[in-house]
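Here's the structure we're looking at; comments come further down.
The values are calculated or read from the model by the stated rules, or taken from the named source; none is laboratory data. Note that the structure is a prediction, hence the values are computed from the model and not measured. So basically every Cβ, Gly included, is an ideal-geometry build from the backbone, and we count neighbours across all protein chains shown. Ligands, DNA and RNA are excluded from the accessible area calculation, which covers all protein heavy atoms including side chains. Shrake-Rupley method; radii C 1.70, N 1.55, O 1.52, S 1.80 Å.
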Protein chains: 2
Amino acid sequence: MDLVKNGWFSEISDLWPGQCFSLKVKEILYQDKSDYQDILIFESTNNGTALILDGIIQCTQKDEFSYQEMITFIPLCNHANPERVLIVGGGDGGVAREVQKHPLVKEIIQVEIDEKVVNASKKHLPFMAKGFNSPKVTLNICDGFEYMKNHKNEFDVIITDSSDPIGPAVNLFTESYYKLLKEALRPKGVISCQAGTVWTDLPHVKQTICHCKKYFKSVKYAYSSVPSYTDGQIGYLVATVDDTNDLKKPNFIFTDKQLEELNIKYYSDEIHSAAFVLPNFVKRHLSK
Amino acid sequence: MDLVKNGWFSEISDLWPGQCFSLKVKEILYQDKSDYQDILIFESTNNGTALILDGIIQCTQKDEFSYQEMITFIPLCNHANPERVLIVGGGDGGVAREVQKHPLVKEIIQVEIDEKVVNASKKHLPFMAKGFNSPKVTLNICDGFEYMKNHKNEFDVIITDSSDPIGPAVNLFTESYYKLLKEALRPKGVISCQAGTVWTDLPHVKQTICHCKKYFKSVKYAYSSVPSYTDGQIGYLVATVDDTNDLKKPNFIFTDKQLEELNIKYYSDEIHSAAFVLPNFVKRHLSK
């Protein structure tokens, strides 16, 4: 785990050969190996605290809100009444922090496989882990795949906040995962999943959409700008079993006052719709 | 100019402290110092040929189309009749390549200060420098600031394709530059300028907009995803002297067939409008 050299953490991975993003390290706060992955948390000089799993940046304090808000509020605000929400993964608590802000959400179940990530986040990433403090949240330490096998027709929205498709998250990108998601949803359910970048992963994005289309009526890809992720961009697969529902359209619209009071910094109803407008090369590739 | 170490080029700059993007180098193709800047061109292992000025990535073959198309077609497609176009900077030829694709453009004047960039691009970046081959293009090697002092009321669209606000491009971010731009425009003229990123440069973006607003009626910021640029994102200041013109709306719409035939890979009329929809924190900051 010699990830920090000469004071810099560098994200070198076979997933994006020939390019690398680096952050200057002020202080290493935590370093451990769980049953599932290598965990590193450091304070960077300019981007706040960063969480690294198996050498890949999961979030930095500077820009994590873009990812957490977008993967959360696109499905939640699209759904007419998202009372019961399941979060798969998301061990840092950032998605739970956002979900509990939505006024229509009554109950949040979260399943995270790696307790060490949760505990380390509670200690070193409180700005995200505070999501676990909400009375709406019940956190279960278990395998999301296994959990859903025993929970059918229970959720309005399911958010899969996974790491990349290597390591413990590999099952969360398979065709059978989308079958489980569909079965765990109530009628009119909406899902969102982390879905990679259009610049480096376009064939993978397309494959994931194909898997999902086998079980969902409407499947779309949305994206937002996250400088700390590869290519400075991350995508969200958003899908519904209800083909009368236009995913691009929010049914619940936060007022400017609510956005400010709830500290929502990236998402808005306008960004919701714009996030589905894809660069021409992406649109063309995905429609083939 | 020891920019390449252990086979990697790293973009370390005081403009974005504590973070760094690196590209793996396959072969250095050109390295020289002009009267204005250090020039480096290399073939990367996975992102094609890259142009570096004063240590900062100007473009890579993999993603340069996003920047070139967006800085070009947002103003050109917004303008009802963009017959005569001025390009300031753009020594690699990429913007000229895009401008000449627009069917209504009759004449393109380009002013670039650094002939060495032009010549090196013709040799090593032919996929961009082919823009100079268009019979519509007249290239002048001179200072864009000085050129405009002597050319008033001449252009429908002016595109400022500059490097960052240090080095030879520093004048292109001042208040007096926007005065010159306004005076060089015909009535109903539209401009676009490279305008930095919202994640690292937000106060600078705001300052630039303020400078521009002293001379232009409508001033907006649009952006696109460019993985090779800092934060994976770049912005465009777009402005007009005609306040009846909605910059977000294209007046000329390329058909899908045209987009394909003209090899336009990022821009579309939908992306044109979506590029102006800003994340909530940006919208809030710029409206203060």
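Structure data summary
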{"item": "Identity of the residue in segment B:206-255, of a type in the set (Val, Ile, Thr), within 14 Å of another protein chain (Cβ to nearest Cβ) and within 19 Å of the chain's Cα centre (by Cα), that ends up farthest from B:SER163 (Cα to Cα)", "result": "B:VAL226"}
{"item": "Residue selected from segment B:215-227 under the condition open to solvent by 40 Å² or more (accessible area, probe 1.4 Å) and at pLDDT 95 or above, by the criterion nearest to A:PRO279 (Cα to Cα)", "result": "B:TYR223"}
{"item": "Residue in segment A:128-141 that is modelled with pLDDT of 95 or more, β-branched (Val, Ile, Thr), part of a loop (DSSP other than H, G, I, E, B) and within 22 Å of A:GLU183 (Cα to Cα) present", "result": "no"}
{"item": "Residues being in contact with a helix residue (DSSP H, G or I) (Cβ under 9 Å, 6 or more places away or on another chain), touching a residue at least 60 places away in the same chain (Cβ under 8 Å) and of a type in the set (S, T, N, Q) - total across segment A:76-105", "result": "1"}
{"item": "Members of segment A:276-288 that are assigned to a helix (DSSP H, G or I), open to solvent by less than 20 Å² (accessible area, probe 1.4 Å) and either among the polar types (S, T, N, Q) or within 8 Å of chain B (Cβ to nearest Cβ) (or both)", "result": "A:ASN280"}
{"item": "Among the residues listed as A:GLY55, A:GLY48, the single one being within 12 Å of another protein chain (Cβ to nearest Cβ) and on the phi > 0 side of the Ramachandran plot", "result": "A:GLY48"}
{"item": "Identity of the residue in segment A:12-29, in contact with a helix residue (DSSP H, G or I) (Cβ under 8 Å, 6 or more places away or on another chain) and modelled with pLDDT of 95 or more, that ends up farthest from B:SER22 (Cα to Cα)", "result": "A:LEU29"}
{"item": "Odd one out for A:ILE108 among (1) free of Cβ contacts under 8 Å to residues at least 24 places away in the same chain; (2) open to solvent by less than 10 Å² (accessible area, probe 1.4 Å)", "result": "(1)"}
{"item": "Subset tally (residues that are open to solvent by 20 Å² or more (accessible area, probe 1.4 Å), over 22 Å from the mean Cα position of the chain (by Cα) and over 17 Å from B:ILE12 (Cβ atoms)) for segment A:7-25", "result": "1"}
{"item": "Residue within segment B:161-176 that is open to solvent by 50 Å² or more (accessible area, probe 1.4 Å) and closer than 23 Å to B:LEU40 by Cβ present", "result": "yes"}
{"item": "Scan of segment A:2-43 for residues that are among the hydroxyl-bearing types (Ser, Thr, Tyr), in contact (Cβ under 8 Å) with a residue 24 or more places away in the chain and within 14 Å of another protein chain (Cβ to nearest Cβ), ordered by number", "result": "A:SER13"}
